[in-house]
Amino acid sequence: MKTEIYNTLYKYIDEDGNQGEDLREVQLMENFSKERINKLIDLTSNEDQYISYKAMLILISWGIDKGFQKLDEFIDNKLDMVTEFEPHRIYGEDNVYDVISDALYISTYNTENEEKILPYIHQMLKMYGNNFFESRLKHVLLKMNLTKTSIDEIKSAVKASISNKRYYQASQLLPVLAKYDKESLNKYIDEFNNLSKLDKRINYNLEEVQEYI
């Protein structure tokens, strides 16, 4: 990777004037120059899809429209089926849409506009049963003001995940339901208590449910 590209993607200066190299810290920057935005926009057309993807993540996080346009293309063209962008260190599956969900929420720090990201969050939920999500989408959902449509999408995501034997992943959405739709929660508890015999990690989410009851 060329130095200029690396610096555009990873270099940042913190509040104390210290320099660092970390993409997430770049995503969380509050002040960014027009010059850097333009460089990132140019990088979204880079022939290296990994570089293009990283530039897209930053632009989304900063609330720049071009980042959202590239995300539309990313989803429509199913680029995650062509390239592995965020291989999980333990499970090996691509965590790309989980990471994108996080970037979407970071954008609200700059735009204060959850409505802009809600359609994308619903798209992530539609993918939830078929794709790997470690936990970032769960935490995004817990921080958002969700609509009835959102709750319905979450329930569908739980059902799809169970159908695809992603039992632990399905259970990650239980705390979200506990927070926003307690009335529907009970019908899931017995089922997941039984499923916890197949994957003990489910117990972590069952315990977290208690925080919202």
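Each reported figure results from applying straightforward, stated rules to the coordinates on display, with no laboratory input. Not measured: the values here are computed from a predicted model. Counting neighbours? That spans all protein chains shown, and the Cβs are built from the backbone with ideal geometry, glycine included.
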Cα shape, the stretch 1-81, gyration tensor, a/c 1.5 rule | prolate
Inter-label distance, nm, simple model (7 Å from Cα along the C-beta direction), N193/E30 = 4.7 nm
Count, lysine Cα pairs under 14 Å in the stretch 1-81, 8 or more residues apart or across chains | 10
Which semi-axes, in whole Å and largest first, does the equivalent ellipsoid of the chain have when worked out from the alpha carbon gyration tensor as the square roots of 5 times its eigenvalues?
-> 33, 18, 16
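At R0 = 35 Å, how high is the FRET efficiency between E115 and N186 if r is their beta carbon distance? Nearest 0.05 is fine.
With a Förster radius of 35 Å, E is 0.70.
Highest mean first, how do 162-170, 145-153 rank when packing is the count of other Cβ atoms within 10 Å averaged over residues? Could the numbers behind the result be given before it?
Values: 162-170: 18.9, 145-153: 14.6.
So the order, starting with the most tightly packed, is 162-170, 145-153.
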For the stretch 1-81, what is the relative contact order in percent, using Cα pairs closer than 8 Å and at least 6 residues apart in sequence?
-> 21 percent
Length-normalised contact order of the chain, Cα under 8 Å, at least 6 apart, in percent, tallies to 12 percent
Per the rule of 0.36 nm per residue minus the C-alpha distance, extending S45 to E15 adds in nm 7.7 nm
How large is the convex hull of the Cα atoms of the stretch 31-122 per residue, expressed in Å³ as a whole number?
-> 102 Å³
